[in-house]
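Please read through the structure below; I'll follow up with questions.
The values are calculated or read from the model by the stated rules, or taken from the named source; none is laboratory data. The structure displayed is predicted, hence computed values, not measured ones. When we count neighbours, we look across all protein chains shown, and the Cβ atoms used for this are built from the backbone with ideal geometry, even at glycine. These area figures cover heavy atoms from the full protein model, side chains too; ligands, DNA and RNA do not enter into them. Shrake-Rupley method; radii C 1.70, N 1.55, O 1.52, S 1.80 Å.
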There are 2 protein chains.
Amino acid sequence: MLKKIDHIGFAVHSIARTRVLYEEALGLVCERVEEVAAQKVRTAFFRLGETRIELLEPTAPDSPIARFLEKRGEGIHHIGYQSDDLDRDLARARDQGCTLINPEPVTGAGGRRIAFLHPRSTHGVLTELCEAGRAEQPPDPEDQP
Amino acid sequence: MLKKIDHIGFAVHSIARTRVLYEEALGLVCERVEEVAAQKVRTAFFRLGETRIELLEPTAPDSPIARFLEKRGEGIHHIGYQSDDLDRDLARARDQGCTLINPEPVTGAGGRRIAFLHPRSTHGVLTELCEAGRAEQPPDPEDQP
């Protein structure tokens, strides 16, 4: 089941130039900056309530974000929904006709399992389903003393 | 201060054709459908955690959503941030260089005061600031017995 909006990803040319907007004009606090080598992006996260704003800056000309910026310019790139059962939610989306960019989950920022649905099957919205981050997951009974 | 993502607005050709995706493929529940005559749109809200997905369907060819669809096709239209002091948050955004589409708040869906920031001043993201809905606002002491 989808539990909440986990994050909203914005494609930007430069995190350094964009964070001024989120920090000074909107008053948010940057939580962390992280490079995701597999996606060729640098990311910056701003927490807001139960969700996060994620700025995405390309680190290579062939990064998917670089191609997005070239085609569409800066703007909203994707919506990430947090799931408490990623495999089941992904299977339901597929069974209901969604095209999966990742038929099997891959590893995203923070080491979480994620998968994208293709925007041509979701009315133009690049849609990510992701598991809860480690800090948000219920404790594993095996870890209890 | 901004408290949370209030809603995310998606521009769609038809709520009837799009709600299947959110209901069947993603498992969300439609809360209400409402027409906002001033904006020439029909809206459908799906609650998810503390935020909402808002589908926006034009009700006239000169609706801002109709123009968006013509230019960009279906997709993410805007992000709405909930503020506990709309006038102050709007003034700060303006003072920090944001261009206000609504220098004074206007009335949006649900009768709330809202104001938009222009995407050319927010790195391509059409940004809405809005007050809490009536049900979410702290009780007015005058209303107490």
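How many residues are over 25 Å from residue B:17 (Cα atoms) and small (Gly, Ala, Ser) if we restrict to the range A:79-122?
4
Would you mind telling me which numbered condition in (1) open to solvent by 70 Å² or more (accessible area, probe 1.4 Å); (2) touching a Gly at 6+ places or on another chain (Cβ under 8 Å) residue B:35 fails?
(2)
Still on this structure, I have one more. I need a count of the residues in the range B:1-22 that are within 17 Å of residue B:57 (Cα to Cα), of a type in the set (D, E, K, R) and either open to solvent by less than 10 Å² (accessible area, probe 1.4 Å) or more than 9 Å from chain A (Cβ to nearest Cβ) (or both).
So the count comes out to 1.
Turning to a different aspect of this structure: Restricting attention to the range B:38-61, and to residues there that are over 26 Å from residue A:48 (Cα atoms) and in contact (Cβ under 8 Å) with a residue 60 or more places away in the chain, which single residue is least open to solvent (accessible area, probe 1.4 Å)?
So, considering only residues that are over 26 Å from residue A:48 (Cα atoms) and in contact (Cβ under 8 Å) with a residue 60 or more places away in the chain, the one least open to solvent (accessible area, probe 1.4 Å) is B:39.
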